[in-house]
1. Say the dipole of the chain comes from +1 at the beta carbon of Lys and Arg and -1 at that of Asp and Glu; which of ASN307, SER233, LEU344 then lies farthest toward its positive end?
2. List the residue ranges in the chain for DSSP H helices whose C-alpha atoms run 30 angstrom or more along the long axis and whose Kyte-Doolittle average is 1.0 or above.
3. Cα centroid distance between the range 365-424 and the range 41-66, in Å?
4. Relative contact order for the range 351-425 using alpha-carbon pairs under 8 Å, separation at least 6, rounded to a whole percent?
5. Could you tell me the center-to-center distance, by alpha carbons, between the range 174-205 and the range 212-238 in angstrom?
6. For the range 261-398, take the convex hull of the Cα atoms, compute a quarter of its surface area, and give me that in nm², please.
7. Under 37 °C and 0.692 mPa s, how fast does the range 230-314 diffuse according to Stokes-Einstein, given a Kirkwood radius computed over C-alpha pairs? Answer in µm²/s, whole number.
8. Expressed as a rounded percentage, what relative contact order does the chain have, with Cα pairs under 8 Å and six or more residues apart?
Amino acid sequence: MTDPAQPHQPWLRLPLRQSITARLVLMSAASALFIFALAGIVLYTVLKGELMRHERDGLFTTLNDISYQISRAGNTERWGRVQLKLATLTQADQHVSFWIDGKDPRFTFGDLTHLHSSHITEDDGKSVGRLHLPGRQYPVHIMTRTLPAFEERPEVQVTVGVDGAPYFEMRRTFLLATTVFSLLGIVLAVISSYWIARAGLAPLRRMSARAQNFTPRKLSARMPVESLPEELSVLAEAFNGALGRIQEAYTQLEAFNADVAHELRTPLANLIGETQVALARERSAGEFKDVLQSNLEELDRIRSIINDMLFLARSDQGEAATARVPARLADEVQKTVDFFEFVLDDASMIITVAGDTDATAMMETALFKRALTNLIQNAIQHSPVGALIRIDIASQEETVRVAVTNPGAPIDEQHLPRLFDRFYRVDSARQDINGSHGHGLGLAIVKAVARMHGGRAFAYSNGGHNSIGFTIARD
Ligand SMILES: Nc1ncnc2c1ncn2[C@@H]1O[C@H](COP(=O)(O)OP(=O)(O)OP(=O)(O)O)[C@@H](O)[C@H]1O
Ligand SMILES: [Mg+2]
């Protein structure tokens, strides 16, 4: 069986696929061949028909002429005159021959042995035959008529012949001329279409020469659209659009790299600083233990940043939540809240769960909890001591929605859409209730988890309450 994805004739497809010029030249050669062949066949057929008609008319007139005289020649004396006339006609025009065949040898004419021994074929299926005489290159065109007996003369068959050479020569010359002319026409068509294709594709070549110059360092450069022909300007616009998107992604990537370096630099600097100070003089085992303890915290912090970034990278590559199981949202929310029992106690905060507590959805529970943990951590970090934090669950048409709302300083409108960007912090100098900085990946992870579950993340700030949450698809 042949694979439909494989080209059937690679030898034919390769040059066509690789070059538009080759494709155009081949196509115009093929169409020129078709047109010339068609015109040649039509002209040749018409000419052949006309030549044969001319031949037949000539034969018919001559046959009529002599039939009239022969029909009246009923005795040998009159026959003698007929023979003389036919001999004169033959001498005057070497191309014409006559044969008269009958039972009485006195009333015959011409070399009848040739007539009898030669092969006669029908030429046009009508009244003209072909007599193939020995020693002649071309057959003789003949027309025969039977004349009834008259007086002494019995019934005779009168045959008029004309040499076919001019007819066949003309046909051959015409065929040769048409073939040569057609071949010449095809060569001209190939040359002109090659030239046309080269000239027509010149803007495309200029365009690709320009495209060669685009490098990551020159991503702001664009293809000039105005100087291009209409057909290519659409392509150039699409190309420019793609360049714009690449530039945006590239800039984001560069900023992200800078952020990553920046975020890792601080804990690394702390590690190095603390280690250097510890090594600067003699220390007791207890002191070293303290340093190692502190270093371990910094290393943990680095590990958590790297883990978060790896998770985001996997989600960027389109990884979806595959291990999804049906779960009741209220249960998963409660399990997550339970983890915060001591932290909440310390800060005298309370979390309430409200809304559609029966709502269920397909989810990867570990991811769901991870996202909700980030939201609760943020809410605790940004609420005043003794605050009441609310978690609302709502069922929507195709999704379920979880929102964590806490009282706190309003978040400025301009920050809201950017909260979910990596490393974005509204006030990076601010410390949380534990006195440490977040690294700005928590909400990016919430957004990634929502996307992996076919949902999205959202944030509102209203009347001293900040509400941040996400949706996930029900199934
Ligand atoms: N509930 C909230 N109230 C007010 N601001 C918030 C709230 N949640 C998040 N933000 C703002 O959004 C920023 C981004 O939050 P995100 O959770 O992504 O990072 P982070 O908390 O700073 O660090 P991380 O969560 O990675 O430890 C925070 O720095 C904070 O400025
Ligand atoms: Mg956070």
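Just so you know, all these numbers are worked out from the coordinates, no wet-lab data involved. Predicted model, so just to flag it, every value in this text is computed and none were measured. Note that we place each Cβ from the backbone using ideal geometry, even for glycine, and neighbour counts take in every protein chain shown.
1. Of ASN307, SER233, LEU344, it is SER233.
2. 165-200
3. Computed from Cα coordinates, the inter-centre distance equals 101 Å.
4. About 33 percent, as a whole number.
5. 33 Å
6. Working: hull surface 48.1 nm².
With every direction weighted equally, the projected area is 12.0 nm².
7. Working: Rh = 16.6 Å.
D = 198 µm²/s.
8. Values: 586 pairs, mean separation 46.8, N = 475.
10 percent.
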